Amino acid sequence: MGDGGNAGEAAGGGVDGGGAGTAGGPDDGSAGEEHVDDERWLVVNGRRWRRTDPSLPAGMVERLKSHLGRGRSGVGTAKRRGDDSAVAASRKRVGLAKHGLGERGPRWWEESEAARLERARQALEELDGLDGAAPEGA
């Protein structure tokens, strides 16, 4: 799942260890449909996916999602090549991006907005460092 190969992550959420949500499920005739479970969760096929922190600035979210997409693509490419170290490096990029977006790690709604913004800034700094690029706005 960490390589983003399912609908929940593609829709902008990350797995939270909390388990299945309440909306949708195999017995209610809605299997395969997406349901919204407030601003914190997206529920797909009865599984909860954590949403992106809505307090993050749009430009920051765009940059983090760019890293996320590159990381997911890199996982697939590295797997096809059989390059385990490249798979690990790409998964690190995915994890950093998802932490920055608030989709992994501490639940963003339990943190102050300042802490959430700092977490995203730190993730971007580390992600940009993976590319050897200077952070934007520096």
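The figures follow:
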| read-out | value |
| --- | --- |
| Test for R80: is it within 17 Å of L56 (Cα to Cα) and assigned to a helix (DSSP H, G or I) | no |
| Hits in the stretch 53-86 - residues which are in contact (Cβ under 8 Å) with a residue 60 or more places away in the chain and either of a type in the set (F, W, Y) or over 30 Å from D38 (Cα atoms) (or both) | V75, G76, K79 |
| Residue check for L124: at pLDDT 95 or above, in the same structural domain as S73 (by TED's automatic domain parsing), surrounded by fewer than 17 Cβ atoms within 10 Å (Cβ to Cβ) and in contact with a Leu (Cβ under 9 Å, 6 or more places away or on another chain) | no |
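This table checks each residue for (1) assigned to a helix (DSSP H, G or I); (2) surrounded by fewer than 15 Cβ atoms within 10 Å (Cβ to Cβ); (3) modelled with pLDDT of 90 or more.
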position	(1), (2), (3)
P54	no, yes, yes
L96	yes, no, yes
A115	yes, yes, yes
A133	no, yes, no
A138	no, yes, no
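The values are calculated or read from the model by the stated rules, or taken from the named source; none is laboratory data. It should be emphasised that the depicted structure is a prediction, and the values quoted were computed from it without experimental measurement. When we count neighbours, we look across all protein chains shown, and the Cβ atoms used for this are built from the backbone with ideal geometry, even at glycine.
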